[in-house]
Amino acid sequence: VIDSLRLRFLNQFRLSDEEEALIATVRRLVVEEIAPRAEEYDTSGDFPWQNIRALQAIGLNASFIPLAYGGAGLSFRCLLRLAQELSYGCPSTAISWAGTYHAITPIIDFGSEEQKAKYLPVVASGALAALAITEASGGSDVAGIRTQFYPTGGKVAIQGTKSFITNGDVADLFVVFGKWAGASDGRDAMTAVIVEKGTPGIRVVRKEDKMGYRASSTVELAFQDCQVPRANVLGAPGQGFKQLLSAVNKSRPSVSAQALGIARAALDEAVTYINARWQFGQRIVDFQGVQFMLADMVSQLLLAESWLMYVGQLMDSSVADYSVEASILKLAASDAAVHIASTALQLHGAYGYIRGSRIERLFRDAKATQLWEGANELQRHYIGRVFGDQVPEKPRPEVGK
Ligand SMILES: Cc1cc2nc3c(=O)[nH]c(=O)nc-3n(C[C@H](O)[C@H](O)[C@H](O)COP(=O)(O)OP(=O)(O)OC[C@H]3O[C@@H](n4cnc5c(N)ncnc54)[C@H](O)[C@@H]3O)c2cc1C
């Protein structure tokens, strides 16, 4: 039933035949290879190299690179559908793949011709990338980061420590945000530089042992007198804040798509389970109270999925500012993922609480989606503050009254 509802809905947002064929290929790969390996990777916490190699083998990195630089030039809606499919099978694999996309969007949007020609074809052919923003002093408040970029002759020296960096120990390329030394300490100093793997002065301090997304790699990175050519600065010093806002506008829909992949997997898992499980002489699914739970889950999922496609359309139509729509999406999709995964676990009873059950893993994975790419409290802030502009001025009393 859910599949037929989804199919009718997706037909309204049908992509080109080539894109639909790619999504079908990825869905097959997920079912046959990626999902069956998810549990083992979650248990070991090892980076899902086999899955990433399988994605590299079908050239999936090309999907987010423009045609002019060796990519496939696909629509954003297609990227979002791909992220959903991958996350349905293995969220850790999905973020390891999408993390590269998040990292290189500033190069696509703000890189010089030389930077694009040098780095984008390498990524299209399978290189991994990492986006390094967060620090101990700057999480939600990104302007609080302290990494410094010191210009020295034709080079820039990087000094600082980055926290929770996805792909940080496996990336071939890093886009690092910091502050241009000597400029004021606020947003005006924010700058981004491209750093290649193997540059002296980069050190993986620690790999995090996480509650969920256990196979995706999340590390603390130290940059100590790490020098890159001045030509690696993205745009000009001081343009970083604008670049960062633009990058998160693209990564928020991507992580939302991943959240909805988790939500769909959790709902499917619950429906299968409660159709097979009997108590009080009937299937769990036949209790009306349980059907109410399913109604809430499917409504939340499909409404968020339709907003996802709408935001994808905005991105594809080159609308200049869709930041509020992206925040609404991130909030709704990640809250849906946590609610649906939690309810689906509840419907499994104690069986859902046991390690090794798929629902237990999805429940742990879902939680991260409310935290990253701007925690949900920040999304509420970005959405809520819009209303401050809408309040009509208080009518002034007429003079003499
Ligand atoms: C698995 C994982 C992978 C990650 N990958 C990356 C990556 O690749 N690159 C990268 O740069 N970062 C990455 N991050 C970091 C992530 O983006 C940050 O964790 C996130 O921005 C929140 O920052 P923080 O953890 O310092 O929380 P804090 O900013 O300390 O927030 C703590 C709590 O306070 C709330 N809060 C903060 N400010 C406000 C406010 N103004 N109003 C109301 N509530 C507020 C928050 O919502 C949150 O609930 C990753 C994180 C995780 C968990």
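What follows is calculated from the coordinates using simple rules that are stated; it is not laboratory data. These numbers come from a predicted model, not from an experiment. Every residue, glycine as well, gets a Cβ built from its backbone with ideal geometry; the counts of neighbours run over all protein chains shown.
To the nearest 20 Debye, how big is the dipole of region 45-171 about its Cα centre, given +1 on the beta carbon of each Lys and Arg and -1 on that of each Asp and Glu?
Details: 8 positive and 8 negative charges, 26 e Å.
Dipole size: approximately 120 debye.
Just name one of PHE110, LEU302, PHE287: the one whose Cα is farthest towards the positive end of the charge dipole of the chain (beta-carbon charges, Lys/Arg +1, Asp/Glu -1).
Going by the charge dipole, the pick is PHE110.
List the pairs from LYS118/LYS210; LYS210/LYS250; LYS155/LYS242; LYS118/LYS179; LYS207/LYS250 whose alpha-carbon separation is above 32 Å, in the order I gave them. Please list the in-between numbers first.
Numbers: LYS118/LYS210 34 Å; LYS210/LYS250 25 Å; LYS155/LYS242 23 Å; LYS118/LYS179 24 Å; LYS207/LYS250 26 Å.
Violating the 32 Å Cα-Cα cut-off are LYS118/LYS210.
Lys and Arg at +1, Asp and Glu at -1: add these up for the other residues within a Cβ distance under 11 Å of LEU302 and post the number.
+2
Just how large is the dipole of the chain about the Cα centre, in debye to the nearest 20, putting +1 at every Lys and Arg Cβ and -1 at every Asp and Glu Cβ?
Values: 40 positive and 42 negative charges, 86 e Å.
My answer is approximately 420 debye.
Please give the direction-averaged projected area of the C-alpha convex hull for the chain, in square nanometres with one decimal.
Working: hull surface 100.7 nm².
Hull-based average projected area comes out at 25.2 nm².
Net charge around GLN224, counting only other residues with Cβ within less than 14 Å of its Cβ (Lys, Arg = +1; Asp, Glu = -1)? All intermediate terms of the calculation are to be shown ahead of the outcome.
Values: positive: ARG146, LYS162, ARG203; negative: GLU220, ASP225.
Result for the neighbourhood of GLN224: +1.
If each residue's Cβ is checked for other Cβ atoms within 10 Å, how do VAL170, VAL195, VAL319 rank with the fewest at the top? Each step should come with its number before you reach the end.
Working: VAL170 20, VAL195 23, VAL319 11.
With the sparsest Cβ surroundings first, the list reads VAL319, VAL170, VAL195.
At a 10 Å Cβ-Cβ cut-off, how would you order HIS339, HIS102, HIS348, fewest neighbours first?
Values: HIS339 17, HIS102 26, HIS348 21.
Ascending Cβ contact count within 10 Å gives the list HIS339, HIS348, HIS102.
Magnitude of the Cβ-charge dipole of region 251-367, K/R +1 and D/E -1, about the Cα centre, nearest 20 debye? Mind dumping the intermediate values first?
On the way: 10 positive and 11 negative charges, 101 e Å.
Charge dipole, region 251-367, about its Cα centre: 480 debye, nearest 20.
Taking region 128-188, which trypsin sites (Lys or Arg not before Pro) meet the DSSP loop condition and have no more than 14 other C-beta atoms within 10 Å? Let's see the in-between values first.
Working: sites: ARG146, LYS155, LYS162, LYS179, ARG187; in loops: ARG146.
When the trypsin sites (Lys or Arg not before Pro) of region 128-188 are filtered for loop state and at most 14 Cβ neighbours within 10 Å, ARG146 remain.
Setting aside same-chain residues fewer than 8 positions from LYS197, which aspartates and glutamates have a Cα under 19 Å from its Cα?
List returned: GLU114, ASP169, ASP172, GLU220, ASP225.
How large is the helix-only mean residue ellipticity at 222 nm for the chain, computed as the sum of -39500 (n - 2.57) over DSSP H runs with n ≥ 4, divided by its residue count, in deg cm²/dmol to the nearest 500? Please report the intermediate quantities before stating the final value.
Working: 12 runs with 200 residues, N = 401.
Per the formula, -16500 deg cm²/dmol.
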